[in-house]
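Colleague: The structure that follows is given in the form of structure tokens.
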Amino acid sequence: AWLLYRLGTREGDSRQGLIAAFLWAFYPASVFSANLYGSEALFAFLLGLCAYLLSGQTRGFAAAGLAAAAACLTRSMTPAFLIGAGTALLHGGRRKAASGLGLFLAALILGIAPWTFRNYATMGRFVPICTGGGSVAARHTALLLPREVLQSPEFKERWSRWHAISDETELGKAG
């Protein structure tokens, strides 16, 4: 809530900051997840920190990149959220955006690199964050396939084989 107050104050005035902090503090999902030992609270904090640092001076963009890298390693679907970060950088002006984007991306890559090297050493192929991101996309986009594809024997066989795999390395190899 404090981070939202700071972000709201920076982007508007203290009234906006108080409203943002109040809404977050009493939002049912944030109240419910406050006592859980899951990654939701950490992920929300890291994304908020990234937004806060991006809304400031260019010198904070490297720290924002590290916060974004930590968020990516907390939740593998974070790169989709980073499109918004790029948009925020471009909104700040061309010169600031160019230098800021460079700092942001360098820190982001630097923060993710150790995990990517670990994945390469473990799996023997380039996997930037995890192999599970594709499974989420596949499960949700499979529902958009035409009925004749979903009912084909090839699709059913591949889908059942893919669901039977529990090891992330094997899942990545199976496609």
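Colleague: Inspect segment 117-132 for any residue being surrounded by 11 or more Cβ atoms within 10 Å (Cβ to Cβ), out of contact with any Ser or Thr (no Cβ under 9 Å at 6 or more places or on another chain) and at pLDDT below 70 and give the result as yes or no.
Modeller: Taking every residue of segment 117-132 in turn, none turns out to be surrounded by 11 or more Cβ atoms within 10 Å (Cβ to Cβ), out of contact with any Ser or Thr (no Cβ under 9 Å at 6 or more places or on another chain) and at pLDDT below 70.
Colleague: Here's another thing I want to ask about it. Report the residue count in segment 55-80 for those that are open to solvent by less than 20 Å² (accessible area, probe 1.4 Å) and under 16 Å from Leu105 (Cα atoms).
Modeller: Adding up the residues that qualify gives 10.
Colleague: Out of Ala106, Ala69, Ala113, Ala88, I need the residue that is at pLDDT below 85, in a helix (DSSP H, G or I) and among the aliphatic types (A, V, I, L, M). Which one?
Modeller: Ala88
The values are calculated or read from the model by the stated rules, or taken from the named source; none is laboratory data. Being a predicted model, the structure only gives us computed values, none of them experimental. All Cβ positions, even for glycine, are placed from backbone atoms using ideal geometry, and neighbour counts span all protein chains on display. For the accessible areas, the whole protein counts, side chains as well, though only heavy atoms, and no ligand, DNA or RNA atoms are used. Shrake-Rupley method; radii C 1.70, N 1.55, O 1.52, S 1.80 Å.
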